[in-house]
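The values are calculated or read from the model by the stated rules, or taken from the named source; none is laboratory data. Remember, predicted model here, so these are calculated numbers, not experimental data. Here Cβ is always computed from backbone atoms with ideal geometry, including for glycine, and neighbour counts include all displayed protein chains. Protein only, heavy atoms only, side chains kept; ligands, DNA and RNA dropped before computing areas. Shrake-Rupley method; radii C 1.70, N 1.55, O 1.52, S 1.80 Å.
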Amino acid sequence: MEEFHKVRRLPPYVFEQVNRLKASARASGADIIDLGMGNPDLPTPQSIVDKLCEVVRDPRTHRYSSSRGIPGLRRAQASYYARRFGVKLDPDTQVIATLGSKEGFANMAQAITAPGDVVLCPNPTYPIHAFGFIMSGGVIRSLQAEPDDRFIPALERGMRHSIPKPLALILNYPSNPTALVASLDFYKDVVAFARKHEIIILSDLAYAEIYFDGPPPPSVLEVPGAMDVTVEFTSMSKTFSMPGWRMGFAVGNERLIAALTRVKSYLDYGAFTPIQVAATAALNGDGSDIAEVREIYHKRRDVMVETFGRAGWNIPAPAATMFAWAPIPEPYRHLGSLEFSKLLIEKADVAVAPGIGFGEYGDDHVRIALVENEHRIRQAARNIKRFLGSDGDKAGNVVPLTARR
């Protein structure tokens with residue numbers, strides 16, 4: 001049977017090929033060190049879990065919740081923005097809770113996109129940034145540019161060569177997958193451009209608190225006038241090690257937040273109320289939980305860069321996020337990121353995410369997630385050292401799993 005229209009529009013999900021190979025390897029007895037999916041392994045802080053357990057015992061919290069988030073949660077998010085970024089938000093009109101930033105982004109695309117609308121999107125980038133608009137009938141124009149002097153000229157080219165005029169621009173800094181961080185001066189230039197051309201800015205700030213070098217990453221909403229054109233998405237998944245709780249936020253321009261609120265009101269009743277109460281307690285905390293998570297990722301980053309470097313794979317140290325954006329070693333670069341990722345599973349028992357999954361301009365890199373402890377990262381480095389130093393067919397075809405044991 002022919003695939004449905006929206007499914008047919010989606011590009012192949014390349015990560016599934018790696019996931020199948022990983023599962024097959026494990027089924028055959030391999031100890032796969034999984035540095036592929038950005039799924040935090042750290043436990044949610046006990047104080048947050050305790051608050052959940054306390055609230056869930058109250059049967060009144062078992063009823064339908066609020067799609068836009070309970071008032072206390074929205075106030076807590078507004079207070080967080082005031083403390084962290086100096087940005088004042090009205091919790092009633094400029095803040096909405098989402099089921100993670102991914103759901104918020106996808107539903108914002110549903111809310112604002114008409115068939116054929118053009119959206120400017122960095123490439124490589126997190127898949128939902130493009131897929132959300134593709135599923136909504138939009139068209140993606142890729143920007144192969146970093147947050148530097150080349151970005152505004154790339155935007156200008158995108159404006160000149162897009163018909164109709166672009167609806168929105170997507171930003172994602174600190175970036176998943178590249179780990180690049182944007183400066184406030186960069187945001188000032190982008191906001192000025194967006195206001196001049198009357199386009200929307202959608203900023204994914206999921207990794208605002210996972211940073212290691214330099215000052216804390218800024219919010220685009222710190223720029224005067226940004227509120228006129230911007231919605232920003234954040235998540236508690238990485239900041240508080242709460243990925244399975246599915247709690248995030250969209251904040252910013254009232255008209256855009258109202259559109260998202262209306263769409264969500266037809267689709268969900270919001271997160272389970274005890275989760276929202278526990279998230280409120282986390283946001284109102286003293287920040288020690290955030291600092292602890294950041295320090296763990298910092299140590300893992302340093303171990304990964306050092307041990308992989310000694311293994312023969314030099315990887316630039318990411319300044320932020322829980323990822324490293326690693327160039328494929330030269331002898332294997334011609335394979336492309338998908339085949340190289342398969343080769344790592346088969347020859348080194350290490351799983352990474354192929355860069356092609358984040359856009360065609362990411363095909364000479366792989367993304368390495370810091371989701372294993374330091375001991376396992378060192379073991380991955382030893383496996384990779386044996387692989388890179390082997391006398392086998394370094395650049396040949398992937399060996400079938402059935403032949404490995």
Worksheet entry | For region 321-363: span of alpha carbons on each principal axis (Å, largest first) | 26, 24, 16
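Return the tail of the calculated pair distribution for region 140-289, meaning the percent of Cα-Cα pairs more than 26 Å apart. Intermediate values should be presented prior to the final figure.
Details: 3597 of 11175 pairs.
In whole percent, the long-distance tail amounts to 32.
Taking every pair of distinct Cα atoms and averaging 1/r, then inverting, what Kirkwood hydrodynamic radius in Å comes out for region 31-87?
On the way: mean 1/r = 0.0668 Å⁻¹.
Result for region 31-87, one decimal place: 15.0 Å.
Place a +1 charge on the Cβ of each Lys and Arg in the chain and a -1 charge on the Cβ of each Asp and Glu, then give the dipole magnitude about the Cα centre in debye, rounded to the nearest 20. Could the numbers behind the result be given before it?
Numbers: 47 positive and 45 negative charges, 130 e Å.
Using only the charged Cβ atoms, the result is roughly 620 debye.
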Item to complete: Take the alpha carbon gyration tensor of region 1-69, find the square roots of its eigenvalues, order them as a ≥ b ≥ c, and report rounded if a/c is under 1.5; if not, report prolate when a/b exceeds b/c, else oblate.
Response: oblate
Worksheet, complete the sentence: Per principal axis, largest first, the Cα atoms of region 92-184 extend in Å by 36, 30, 25
Worksheet entry | Isotropically averaged projected area of region 161-232, using the convex hull of Cα atoms (one quarter of hull area), nm² | 5.2
Worksheet entry | Expected 222 nm ellipticity per residue - DSSP helices of 4 or more, -39500 (n - 2.57), all of the chain, to 500 | -13000 deg cm²/dmol
Worksheet item: When all protein chains stay in place, what accessible area (Å², nearest 10, 1.4 Å probe) is found for LYS51?
Response: 60
Worksheet, complete the sentence: Heavy-atom accessible area with a 1.4 angstrom probe orders ARG150, ARG262, ARG26, most exposed first, as ARG262, ARG150, ARG26
Worksheet item: What is the P(r) of region 1-117, as percent of Cα-Cα pairs per 5 Å bin from 0?
Response: 2, 7, 9, 12, 15, 14, 13, 14, 10, 4, 1
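Send over a whole-number figure in Å² for the accessible area per residue of the chain, probe 1.4 Å.
Details: 17910 Å² over 405 residues.
I get 44 Å² per residue for this part.
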Worksheet item: When the convex hull of the Cα atoms of region 246-335 is projected onto a plane and the area is averaged over all directions, what value comes out in nm²?
Response: 10.2
Worksheet entry | Positive-end residue, region 10-92 charge dipole about Cα centroid, Cβ charges, pick of ALA82, VAL55, MET37 | ALA82
Practice prompt. Could you let me know the centre-to-centre spacing of region 179-239 and region 128-157, using Cα atoms, in angstrom?
Written response: 15
Worksheet item: What's the longest bit of the chain with no exposed chymotrypsin sites (Phe, Trp or Tyr not before Pro), using DSSP loop states and at most 13 other Cβ atoms within 10 Å as the test?
Response: 65-268
Discussion item. From the phi angles alone, apply the Karplus equation (6.51, -1.76, 1.60; θ = phi - 60°) to region 328-341 and give each ³J(HN,Hα) in whole Hz, x where the residue is Gly or Pro.
Written reply: 5, x, 3, x, 10, 5, 5, 5, x, 6, 5, 5, 5, 5
Worksheet item: Could you give the nm distance between label points at LYS165 and GLU374, where each point is 7 Å from its Cα heading toward the beta carbon?
Response: 5.4
Discussion item. Using a 1.4 Å probe on the protein heavy atoms only, what accessible surface does HIS62 show? Give it in Å² to the nearest 10.
Written reply: 100
Discussion item. Classify region 133-172 from the C-alpha gyration tensor, please: rounded if a/c falls under 1.5, else prolate or oblate depending on whether a/b exceeds b/c.
Written reply: oblate
Worksheet, complete the sentence: Measuring from its Cα centre, region 120-241 shows a charge dipole (+1 at each Lys and Arg Cβ, -1 at each Asp and Glu Cβ) which, in debye to the nearest 20, is 480
Worksheet, complete the sentence: Computed on Cα atoms only, the convex hull of the chain has an orientation-averaged projected area in nm² of 21.2
Item to complete: Work from the charge dipole of region 293-346 (Cβ charges, +1 for Lys and Arg, -1 for Asp and Glu, about the Cα centre) and give the residue of PHE323, HIS298, LEU344 farthest towards its positive end.
Response: HIS298
Fill in: Only Lys, Arg (+1) and Asp, Glu (-1) charged, at Cβ; region 262-302 dipole about Cα centre in debye
240
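Please list, by residue number, every one of the trypsin sites (Lys or Arg not before Pro) in region 52-114 that is coil in DSSP and has at most 11 other beta-carbon atoms within 10 Å. It would help to have the intermediate numbers written out before the result.
Values: sites: ARG57, ARG60, ARG63, ARG68, ARG74, ARG75, ARG83, ARG84, LYS88, LYS102; in loops: ARG57, ARG63, ARG68, LYS88.
Qualifying residues, ordered by number: ARG57, ARG63, LYS88.
If you roll a 1.4 angstrom probe over the protein chains with everything in place, what fraction of the accessible area of the chain belongs to carbon and sulfur, to the nearest %?
Result for the chain: 52 percent of the exposed heavy-atom area is carbon or sulfur.
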Worksheet item: Cα-based Rg of region 233-298 per 2.2 N^0.38 Å, rounded to two decimals?
Response: 1.29
Practice prompt. Compute the distance in nm between two label points, each set 7 Å from the Cα along the Cα-to-Cβ direction, one at VAL56 and one at GLU295.
Written response: 2.9
Discussion item. Around ALA82, under 12 Å between beta carbons, what's the net of Lys plus Arg minus Asp minus Glu among the other residues?
Written reply: +2
